[in-house]
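See structure below.
No lab work stands behind these numbers, since they all come straight from the coordinates. Predicted model only: the values in this text are computed from it and were never measured. Using ideal geometry, Cβ is built from the backbone for each residue, glycine included, and neighbour counts are taken over all protein chains shown.
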Amino acid sequence: MTPIELHRANPAPADTSRYQVRPLDSGDYYHLQALEEQIWSGDASGKLCGYYLRLCTEMFSDWCFIAMDGDRPVGYVLNFPKGKVNYCATLAVHPDYQKTRVNYLLIRAMVRKLVVEQMEECRFLVEPDNHDARSVHAALGARVVAEVADYYHPGDRRLWSVINKDDMDRIRAKYARLQLVS
Ligand SMILES: CC(C)(COP(=O)(O)OP(=O)(O)OC[C@H]1O[C@@H](n2cnc3c(N)ncnc32)[C@H](O)[C@@H]1OP(=O)(O)O)[C@@H](O)C(=O)NCCC(=O)NCCS
């Protein structure tokens, strides 16, 4: 049987900006671990474990994106497609890089992927008081469709926010108009 090799990402397209956003490769496992520690260590739901991070770098590497400032990892977005529905599980930017172009570039990479793969829906799960995340989702046209209780632990309340098919069609047209997809 052929051995399974650790995944190497294709070279990222040329980007004239300071930041580079590209799909994950196997070496990003350690970048994700470091970012998880820096961004989520104070979060009650805890950091993502190694098994989850390896799932991202080995099985969903072309759906998950990392932002680099030179050699420094500064943000990431993790996506899990199921049929034509994408679940955006995490979008996170290091505090030093929030309110820069990093979040914009990560979202753009994710949305391009959704458009290229002709996805029909994108779902986010968000804490009701996470206003930064909710404003990002709202800017993309996502709407809250359901509330779930006791999600990660008893008492944990989350909102499902969804970009539906009509929104995806609108985004697709916008990205084509702006020539962000061929
Ligand atoms: C959520 C998070 C990634 C946002 O990053 P940020 O750098 O603070 O966000 P930005 O200022 O670039 O973007 C927010 C604004 O730009 C808009 N925006 C950014 N990129 C965009 C894009 N590509 N398309 C459309 N809108 C965009 C957002 O709608 C928002 O608009 P506002 O001015 O009305 O608030 C960041 O706060 C974070 O990492 N938080 C901790 C982790 C977390 O809670 N993640 C979310 C749950 S997984």
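I need the shape label for the chain. Rule: rounded when a/c is under 1.5, else prolate if a/b > b/c, else oblate, with a, b, c from the alpha carbon gyration tensor. Judged from the Cα gyration tensor, the chain comes out rounded (a/c under 1.5). Any idea which of Y152, C122, G75 is furthest toward the positive side of the dipole for the chain, if Lys and Arg beta-carbons carry +1 and Asp and Glu beta-carbons -1? After comparing all options, I get C122.
Taking Lys and Arg as +1 and Asp and Glu as -1, the other residues whose beta-carbon sits under 10 Å from that of E147 total +2.
Put a plus charge on the Cβ of each Lys and Arg, a minus charge on the Cβ of each Asp and Glu, and nothing anywhere else: the dipole of the chain about its Cα centre is then about 680 debye.
E121: net charge of surrounding residues, Cβ under 9 Å, Lys/Arg +1, Asp/Glu -1, itself excluded? Show your work: numbers first, answer last.
Working: positive: K84, R123, K165; negative: E120, D167.
Result for the neighbourhood of E121: +1.
Between segment 27-59 and segment 114-182, what is the C-alpha centre distance in whole Å? The distance from the Cα centre of segment 27-59 to that of segment 114-182 comes to 22 Å. With a simple spin-label model that places each label point 7 Å from the Cα along the Cα-to-Cβ direction, the separation between Q33 and Q98 comes to 2.6 nm.
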